[in-house]
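Novice: Before I ask anything, let me first share the structure, which is written out below as structure tokens.
Nothing in this text is a laboratory measurement; each read-out follows from the coordinates by a stated rule. The shown structure was predicted, so the numbers you read here are calculated from the model rather than taken from an experiment. Backbone-built Cβ (ideal geometry, glycine too); neighbour counts: all protein chains shown.
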């Protein structure tokens, strides 16, 4: 056996053990369950290709026995493939089969639930179709966040997600488009390079970003580094003319079937929050004509028709513990034209 084969085998084994460890921690933290997980005795009877994709375990959850299909690769498995693989396991197992992975897209999560396919994504959600039981958590986002980008870097990323075409860009030309200094964008380039985001091009002392034009891949790669743009929220008294860009729940209602909030929401760059505006703040929503979010960057930079862009809207609301908002966020992101 070659050294490369041994190294790959060790890598996949470590990946599996990490997934199972996180699964145990997740079940204990979300349900208070200490679950015993052992290798499934009939695994060797399965097709060879299937054993290359998953390691199979047996576990008892809420007094029921399950076979766990723990993914051995980093890529997501499509819901269609999960269903096909599950049927092969069901030929040897009469109980429920549970798909286990460390990540899942909103689209695949919905497809698995719609297809009645049980799954556990440690730190995110557990769905057991035989019990019609679902637990959805939010702490995966905190676990995967690395070093969050500075406002100028985040504004630069949003520019690429919304406005940029395929090609090369340098700090000087981006400075004109975004209104940030060349020095600020040079630092933003440093952050992106340190994170391994974008292909960096160099010619002498000049540095540029090459953007492939693949917005969806960029979003999936970068969203763990992005923060809510909202630094502060204030209520502005009735009678004061509305200022800023439509944002928050009002923007989300614009992108989805969510009802409009009773108090409309707008956003401004926090640097534009004047003393005059501050003099009109009130304490309670009942007294307010609108709610004003103060952002770290200018929402108008990426807004369309004076409505905040869907990416900033998602980032500003993704930590809200409200199922209606979660569903509306999923609906909004599914409508993004990549």
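Novice: So what is the relative contact order of the chain, in percent, for Cα pairs below 8 Å that sit 6 or more residues apart?
Specialist: Details: 488 pairs, mean separation 39.2, N = 338.
Taking the mean separation of contacting Cα pairs over the length of the chain, I get 12 percent.
Novice: A follow-up question, please. Helix 3-31 versus the longest principal axis of the chain: what is the Cα-based angle in degrees, 0 to 90, to the nearest 10?
Specialist: Orientation of helix 3-31: about 70 degrees from the principal axis.
Novice: For the chain, count the residues as N, evaluate 2.2 N^0.38 Å, and divide the Cα radius of gyration by that value, please. Can you show the working numbers first?
Specialist: Values: Rg = 23.8 Å, N = 338, 2.2 N^0.38 = 20.1 Å.
For the chain, the normalised Cα radius of gyration comes out at 1.18.
Novice: Tell me, Kirkwood radius of segment 148-221 from alpha-carbon pair distances, in Å?
Specialist: Numbers: mean 1/r = 0.0816 Å⁻¹.
Mean inverse Cα-Cα distance, inverted, gives 12.3 Å.
Novice: Give me P(r) over segment 34-126, computed from all C-alpha to C-alpha distances, binned every 5 Å, as integer percentages.
Specialist: 3, 13, 27, 27, 19, 9, 1
Novice: Cα axis of helix 151-162 to longest principal axis of the chain: angle in degrees, 0 to 90, nearest 10?
Specialist: The answer is roughly 70 degrees.
Novice: Using all alpha carbons of segment 274-338, what is the percent of pairwise distances in each 5 Å bin, ordered from the shortest bin to the longest?
Specialist: Values per bin, smallest distances first: 3, 13, 19, 18, 22, 15, 6, 3, 0.
Novice: Separate question: Quick one: what do you get for segment 189-338 if you divide its Cα Rg by 2.2 N^0.38 Å?
Specialist: 1.20
Novice: Another question, then. For 69, 183, what's the fewest-to-most ordering of other Cβ within 10 Å of each Cβ?
Specialist: Numbers: 69 27, 183 11.
Lowest to highest Cβ neighbour count: 183, 69.
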